[in-house]
Each structure stands twice: as C-alpha cells, then as structure tokens.
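All remarks here apply to the structure that follows.
The values are calculated or read from the model by the stated rules, or taken from the named source; none is laboratory data. All values derive from a computational prediction rather than experimental measurement. In this analysis, Cβ positions are derived from the backbone assuming ideal geometry, glycine residues included, and neighbour counts consider all displayed protein chains. Only protein heavy atoms, including side chains, enter the accessible area calculation; ligands, DNA and RNA are left aside. Shrake-Rupley method; radii C 1.70, N 1.55, O 1.52, S 1.80 Å.
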Amino acid sequence: MTILEFDVTGMVCQGCSNAVRTMVLSLTGVESAAVDHEAGTASITGDATMTAAAVHGAIRDGGFGVRACGNPRCTCDDCHCDPCAC
C-alpha cells in the first residue's frame with residue numbers, strides 16, 4: 001500500500017473536495033482518497049500501480065493547484081518531484 005500526500009490549492013468548498021476525490025478515485029490503483037478543502041490537503045491511498053504523476057495530473061486537469069513537497073514556503077504550484085526542487 002502506498003500513501004501520497006498533496007497540498008491542493010483552489011478548493012473553496014465541500015463540492016471542491018468531492019470533485020478532487022472523484023477525480024483521483026477514477027485512477028488506476030487508487031483505493032481511497034481523503035480530501036479536506038479547509039486544510040487544502042489530499043491523502044491518496046493505493047496499490048503499486050498508482051503513480052504520483054497520475055494523481056497530480058488528475059487534480060491539475062480538474063482545475064486545482066497541487067504541491068506534493070509539503071513545504072509551506074514553496075511558491076511553486078507544480079511540484080510533483082521528490083524532493084521538491086524549489
């Protein structure tokens with residue numbers, strides 16, 4: 001089991017959280033998704049076929065910003081590398 005944590009920007013309501021959750025749950029390998037619009041976070045659990053790039057892309061394609069580095073000082077809205085290059 002793999003757990004991916006993302007900072008998601010642009011979520012303003014529960015509908016946004018639900019939209020992000022729906023997008024990532026449709027991806028191969030994703031088993032569950034906990035999305036909190038107030039905290040601006042998404043915790044995605046999946047098997048070995050789930051990739052961070054796919055999750056990141058789905059969230060971005062839905063119109064939201066994503067940071068996977070977890071660094072609150074990071075101003076980049078397109079971080080999906082580990083570690084973050086910012």
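Points to keep in mind about this one:
- All positions within segment 5-31 that are charged (D, E, K, R) and modelled with pLDDT of 95 or more: Arg21, Glu31
- Test for Gly57: is it assigned to a loop (DSSP other than H, G, I, E, B) and among the small types (Gly, Ala, Ser): no
- Test: Ile3 is touching a residue at least 40 places away in the same chain (Cβ under 8 Å), aliphatic (A, V, I, L, M), in a strand (DSSP E or B) and open to solvent by 40 Å² or more (accessible area, probe 1.4 Å): yes
- Complete set of residues in segment 6-47 that are among the small types (Gly, Ala, Ser) and either assigned to a strand (DSSP E or B) or surrounded by 20 or more Cβ atoms within 10 Å (Cβ to Cβ) (or both): Ser17, Ser32, Ala33, Ala34, Ala42, Ser43, Gly46
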